[in-house]
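To keep things clear, I will list the structure first and then write my remarks on it.
Every number here is computed from the coordinates shown, using simple stated rules; none is lab data. Remember, predicted model here, so these are calculated numbers, not experimental data. Positions of Cβ are generated from backbone atoms using ideal geometry, with glycine treated the same way; all protein chains shown enter the neighbour counts.
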Amino acid sequence: TEAGARAFFRLALRAGASQAIAVHNHPSGDPTPSAGDRAVTRALAAAGRLLGLTLADHVVLGAGGRHCSLRREAPTLWS
């Protein structure tokens, strides 16, 4: 969402970052990205482009150390 992107990038901008990584967990333990995860990634990547602050990746954490990098699994979300 727009408000989510504002809050996310506000922290990165305050820190003087040039890139940011979004990370969250799935309580189910399955790190497979949801449609919502993909939509948020697309929105954050677009907002970052406007701000000149790159969304480097969006990582979903699961159980047992499993994870999914959306940058690796769905690079077209950054287009």
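Compute the convex hull volume of the Cα atoms of the chain, divide it by the residue count, and report the result per residue in Å³ as a whole number.
That works out to 90 Å³ per residue.
Return the sequence-ordered ³J(HN,Hα) values of the range 52-67 in whole Hz as given by the Karplus equation 6.51 cos²θ - 1.76 cosθ + 1.60 applied to θ = phi - 60°, using x for Gly and Pro.
x, 10, 6, 7, 6, 6, 10, 10, 9, 9, x, 6, x, x, 6, 8
Between Leu13 and Leu61, what is the label-point separation in nm under the 7 Å Cα-to-beta-carbon projection?
2.7 nm
Where the only charges are on Cβ atoms (+1 Lys, Arg; -1 Asp, Glu), what is the dipole of the chain about its Cα centre, to the nearest 20 debye?
For this selection, approximately 220 debye.
Given axes a ≥ b ≥ c from the Cα gyration tensor, I'd like to know whether the range 1-43 is rounded (a/c under 1.5), prolate (a/b larger than b/c) or oblate.
Here the range 1-43 falls in the prolate category.
Along the range 38-43, what does the Karplus equation 6.51 cos²θ - 1.76 cosθ + 1.60 (θ = phi - 60°) give for ³J(HN,Hα), rounded to whole Hz, x for Gly and Pro?
Listing the rounded values in order: 5, 5, 5, 4, 4, 5 Hz.
If the chain between Ser79 and Arg6 were fully stretched, how many nm would it gain, using 0.36 nm times the residue separation less the Cα-Cα distance?
Contour length minus Cα-Cα distance gives 24.3 nm.
Specify the residue with the greatest mean-square fluctuation among Gly29, Gly65, Gly48, computed from a Gaussian network of the chain linking alpha-carbon atoms under 10 Å apart.
Of Gly29, Gly65, Gly48, the Gaussian network model singles out Gly65 as fluctuating most.
Calculate the spin-label point distance for Arg38 paired with Asn25, positioning each point 7 Å from the Cα along the beta-carbon direction, and give it in nanometres.
If labels sit at Asn25 and Arg38, their model points lie 2.6 nm apart.
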